[in-house]
Structure formats: C-alpha cells, structure tokens
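Q: Below is one structure. I have some questions about it.
The values are calculated or read from the model by the stated rules, or taken from the named source; none is laboratory data. As the structure is a computational prediction, the values presented were derived from the model and not from experiment. Cβ atoms come from the backbone with ideal geometry, glycine included; neighbour counts cover every protein chain shown. Surface areas here come from the heavy atoms of the whole protein model, side chains and all, with no ligands, DNA or RNA. Shrake-Rupley method; radii C 1.70, N 1.55, O 1.52, S 1.80 Å.
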Amino acid sequence: KVYSTIAILDSNLISTHSVVDEQFAQIDELISRREIQAYIFGAIVVIAAGVLGIIIALIVVGRIVRNISSAGSGIRMMSTGNLTNTFEYNSKDEIQDLGDDLNTLMDNLKSAFQSMKNSSNKGVGLKEELISSANQTSAAAAEIASNSQAISKQFNMLSERVASASEANQSMKNSLHS
C-alpha cells in the first residue's frame with residue numbers, strides 16, 4: 001500500500017510538475033508578448049516624440065524664417081527710400097531686438113532727411129532772396145546809371161551855358177572897354 005500511495009503521489013507529482021511546466025511556459029510566453037508590446041509601445045512613443053519634435057522645430061524655424069524674410073523685405077523697402085514701414089515682431093528674441101533697432105534706424109533716417117529737407121528749403125529761400133536782392137541791385141544800378149547820364153547831360157548843358165555866358169560877359173567887357 002505504501003508503494004501504491006507513493007506511486008499515486010509520484011504520479012500526482014509528475015502531473016503537477018507537468019502543469020507547473022505548462023504554466024511556466026504560458027507565463028514565459030505572456031512575458032515575451034508583454035516585452036514585445038513594451039518594445040512596440042516604446043518605439044511608438046519614441047517615433048511620436050520624434051515627429052512632435054520635428055513639427056515643433058518646423059513651426060519654430062518657419063516663424064524665424066518668416067520674421068527674417070519680413071525684416072529683409074522691410075530693409076529692401078527702406079533701401080529704396082520708403083521710410084514709412086515699421087518692423088513689428090512679438091517674438092521677444094534677437095529678431096525682436098533687430099526689429100527695434102531697425103525702427104530706431106528708420107526714425108533717425110527720417111529725422112535726418114527731414115532736417116536736410118528743411119535746410120534745403122531754407123537754402124532755396126535764401127537763394128530766392130539773393131536773386132531778388134540781385135535783381136533789385138541791378139535795377140538800382142540801372143537807375144543810378146540813368147541818373148548819372150542825366151546829370152552828365154545837365155553838367156554838359158550847364159558847361160555850355162557857362163561858356164556861352166562867359167563869352168557874352170567877355171564880349172560885354174570888350175564893348176565896355178572900347
């Protein structure tokens with residue numbers, strides 16, 4: 001009976017061992033599947049993070065390129081003499097600083113051009129005053145020349161009368177002495 005009990009226990013032990021081996025195999029298979037799922041999930045997370053990083057980089061680079069292009073077109077407009085454009089950026093970075101500096105430069109150029117324009121207008125006014133003065137001086141010189149000729153004629157006529165009166169006086173003197 002002991003042998004039969006041992007044989008039954010041995011049979012139970014073998015079947016239990018077999019069940020345990022099957023369960024270990026199932027657990028190993030389940031762990032392998034979970035590892036594969038973890039690798040796939042990790043790969044998906046890495047790929048999603050990479051794609052998200054690329055999208056964010058493209059947005060940031062696009063914004064920077066747009067701001068730089070806008071600054072370039074504004075500078076080209078400024079180089080043609082159009083100083084009415086302003087650079088407005090809300091980026092709070094070096095591009096914003098560049099825009100602020102360009103606005104300051106444009107304001108300074110406007111002031112300088114306005115000052116030159118005012119000076120030019122004053123120069124034109126002075127030129128017109130000088131032309132007017134020169135015309136007045138020329139007219140006065142012509143009037144003086146005309147008056148000088150009239151005076152010269154009057155002196156010539158006076159000289160002729162004095163000569164004529166002198167001859168008449170000489171003639172009267174000679175008549176009185178004779």
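Q: Within the stretch 64-79, is there a residue that is closer than 30 Å to residue 114 by Cβ, open to solvent by 70 Å² or more (accessible area, probe 1.4 Å) and among the hydroxyl-bearing types (Ser, Thr, Tyr)?
A: There is at least one residue in the stretch 64-79 that is closer than 30 Å to residue 114 by Cβ, open to solvent by 70 Å² or more (accessible area, probe 1.4 Å) and among the hydroxyl-bearing types (Ser, Thr, Tyr).
Q: So, residue 102, is that one modelled with pLDDT under 80, open to solvent by less than 60 Å² (accessible area, probe 1.4 Å), under 29 Å from residue 61 (Cα atoms) and aliphatic (A, V, I, L, M) or not? Before the answer, list the steps.
A: Details: modelled with pLDDT under 80: no; open to solvent by less than 60 Å² (accessible area, probe 1.4 Å): yes; under 29 Å from residue 61 (Cα atoms): yes; aliphatic (A, V, I, L, M): yes.
So residue 102 fails the test.
Q: Quick one: residue 125 ticks every box in (1) within 25 Å of the chain's Cα centre (by Cα); (2) open to solvent by less than 70 Å² (accessible area, probe 1.4 Å); (3) modelled with pLDDT under 85 except a single one, so which number is it?
A: If we test residue 125 against (1) within 25 Å of the chain's Cα centre (by Cα); (2) open to solvent by less than 70 Å² (accessible area, probe 1.4 Å); (3) modelled with pLDDT under 85, just (1) comes out false.
Q: Between a first residue in the stretch 75-98 that is closer than 22 Å to residue 60 by Cα and a second residue that is open to solvent by less than 70 Å² (accessible area, probe 1.4 Å) and outside any helix (DSSP H, G or I), which pairs have beta carbons less than 7 Å apart while being 6 or more apart in sequence or on different chains?
A: Partner pairs satisfying both residue conditions: 95/89; 96/89.
Q: Out of (1) under 30 Å from residue 73 (Cβ atoms); (2) out of contact with any Ser or Thr (no Cβ under 8 Å at 6 or more places or on another chain), what's the single condition that is false for residue 87?
A: (2)
Q: Right, something else. Would you mind stating whether residue 108 is closer than 30 Å to residue 64 by Cα, out of contact with any helix residue (DSSP H, G or I) (no Cβ under 6 Å at 6 or more places or on another chain) and surrounded by 10 or more Cβ atoms within 10 Å (Cβ to Cβ)? Steps first, answer last, please.
A: Working: closer than 30 Å to residue 64 by Cα: yes; out of contact with any helix residue (DSSP H, G or I) (no Cβ under 6 Å at 6 or more places or on another chain): yes; surrounded by 10 or more Cβ atoms within 10 Å (Cβ to Cβ): yes.
Judged against the criteria, residue 108 is a match.
Q: Go through 31, 56 for me and flag whichever is closer than 30 Å to residue 103 by Cβ and among the β-branched types (Val, Ile, Thr).
A: Working: 31 fails: closer than 30 Å to residue 103 by Cβ.
Going through 31, 56 in turn, just one is closer than 30 Å to residue 103 by Cβ and among the β-branched types (Val, Ile, Thr): 56.
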